[in-house]
Every structure is written in structure tokens, then in C-alpha cells.
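**Q** Dropping the structure in here first, questions after.
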Amino acid sequence: MIKYNLKCENDHEFESWFSNSNEFDKLNKKNLLECIFCSSNKIKKSIMAPMISGSKSKDESDELFDKDSYKRRKNLIKLREHIEKNFEFVGDKFSEKVREVYYDKKTKKSIYGTTTPEEREELAEEGINLLSVPWVDKDN
Ligand SMILES: [Zn+2]
């Protein structure tokens with residue numbers, strides 16, 4: 001089973017599970033997918049939230065996730081600041097860069113960036129597990 005983040009033409013985001021990556025395309029082509037909020041049939045896969053890689057910082061990130069839920073937003077902001085300060089931003093080159101880090105055992109670089117669901121799936125098949133971070137807005 002694969003989970004995709006989906007987005008409709010009105011920017012509603014929701015998640016949905018599919019048995020494989022072709023199933024999404026098949027159902028979408030037949031207009032069998034609809035937005036859970038507005039029932040629009042114009043659905044596309046949305047870009048994943050920034051992903052991070054790097055063994056050292058992962059534990060720290062997990063810790064920030066574990067706090068009580070009322071602190072969650074504050075922690076997500078802290079997590080975001082932590083990532084921005086300590087991780088190298090590689091943007092949409094993430095899946096390429098994460099392989100470099102993964103296969104070059106000497107590299108202990110921590111990076112973050114964005115991936116598409118397809119890229120993430122490919123990486124998972126190669127045994128590269130990533131942490132998906134809810135990217136909160138600091139300004140509101
Ligand atoms: Zn919608």
C-alpha cells in the first residue's frame with residue numbers, strides 16, 4: 001500500500017491509500033477520485049513536505065515530535081528552525097542528494113528538501129527511509 005498526498009483544483013489537501021502507484025493514475029484518469037472536501041474530480045498528487053535524512057539529527061527530530069499535542073505547533077516551529085540551521089537545503093534535488101549521502105558511508109551530511117511521492121517510493125524501495133516533516137508557517 002502506498003499513501004499519497006493529494007490536492008484538488010481548489011487546493012484542498014488530503015491523503016489517500018492506493019495498492020500501487022499505477023492505481024492512482026488509473027483511477028484518476030477515469031475521474032474516480034474526488035476531493036473529500038468539495039468533490040472535485042481534478043485531483044493531483046501534491047509535493048511532499050520537506051524530507052530530511054541524516055542519522056544523527058533524526059533522533060533529535062523524533063524527540064521533538066513526541067511532545068504533548070498542545071506543544072506540537074511550537075515544536076514544529078522549533079523543528080523547522082533546527083532543520084534550517086543544521087541541514088543543507090537541496091530543494092528538489094533531494095532524491096539525488098540523499099542517494100549520495102546514503103551510498104557514500106563517509107558522508108555524514110544532513111540534508112533536507114522536497115520529493116515527489118514517486119521519488120519517495122523509489123527511495124523506500126532502495127531501503128532509504130525518510131522522515132516527512134509537517135512544514136509549519138512561522139508567521140501565523
Ligand atoms: Zn477540494
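**Q** Going residue by residue through segment 125-133, is there one that turns out to be in a helix (DSSP H, G or I) and modelled with pLDDT of 85 or more? Let's see the steps before the verdict.
**A** Of the residues in segment 125-133, the ones in a helix (DSSP H, G or I) are 125.
Within this subset, residues satisfying the condition of being modelled with pLDDT of 85 or more are 125.
Checked segment 125-133: at least one residue is in a helix (DSSP H, G or I) and modelled with pLDDT of 85 or more.
**Q** May I ask you to list the residues in segment 8-26 that are modelled with pLDDT of 90 or more and in contact with a strand residue (DSSP E or B) (Cβ under 6 Å, 6 or more places away or on another chain)?
**A** CYS8
**Q** For segment 9-48, how many residues are touching a residue at least 24 places away in the same chain (Cβ under 8 Å), under 26 Å from ALA124 (Cα atoms) and within 13 Å of the ligand (Cβ to nearest atom)?
**A** 5
**Q** List the helices (runs of 4 or more DSSP H) that sit entirely inside segment 53-112 and contain at least 1 residues that are at pLDDT below 80 and surrounded by fewer than 13 Cβ atoms within 10 Å (Cβ to Cβ).
**A** In segment 53-112, the matching helices (runs of 4 or more DSSP H) lie at 55-65, 72-86.
**Q** Scan segment 1-31 residue by residue and report those that are exposed (fewer than 14 other Cβ atoms within 10 Å of the Cβ), within 11 Å of ILE43 (Cα to Cα) and within 18 Å of the chain's Cα centre (by Cα).
**A** ASP11, GLU13
The values are calculated or read from the model by the stated rules, or taken from the named source; none is laboratory data. Note that the coordinates shown come from a computational prediction; the quantities given were computed from them, not determined experimentally. Note that we place each Cβ from the backbone using ideal geometry, even for glycine, and neighbour counts take in every protein chain shown.
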